[in-house]
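In what follows, a structure is listed as structure tokens, so that the remarks can point back to it.
Bear in mind that the values in this text are calculations on the coordinates, not laboratory data. Bear in mind that the values here come from a model prediction, so they are computed numbers and not experimental data.
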């Protein structure tokens, strides 16, 4: 049974599209929360910027976990299951 190369490309690219969307949504949500809290406290622009930076950090952390740590953990589990 042969695998369609177009489907493999779509499957691989959808994973990375999901990472990008996760990062963008994280920045947007944290930016919005910073804006709302900043409006309430009277320093909207500063807290919006801080919220966006926190969102970026959270998004990159999620990207790191999904791209680096989880594959390492899966590989470690596979190696230990062989024994």
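Here are the numbers for this structure:
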quantity: C-alpha long axis of helix 5-41 to longest principal axis of the chain, angle in °; calculated: 20 degrees
quantity: Principal-axis tilt of helix 44-64 within the chain, Cα atoms, nearest 10 degrees; calculated: 10 degrees
quantity: For the chain, Kirkwood radius (reciprocal of mean inverse C-alpha pair distance, Å); calculated: 15.3 Å
quantity: Cα long-axis angle, helix 70-82 against the chain (0 to 90 degrees, to the nearest 10); calculated: 30 degrees
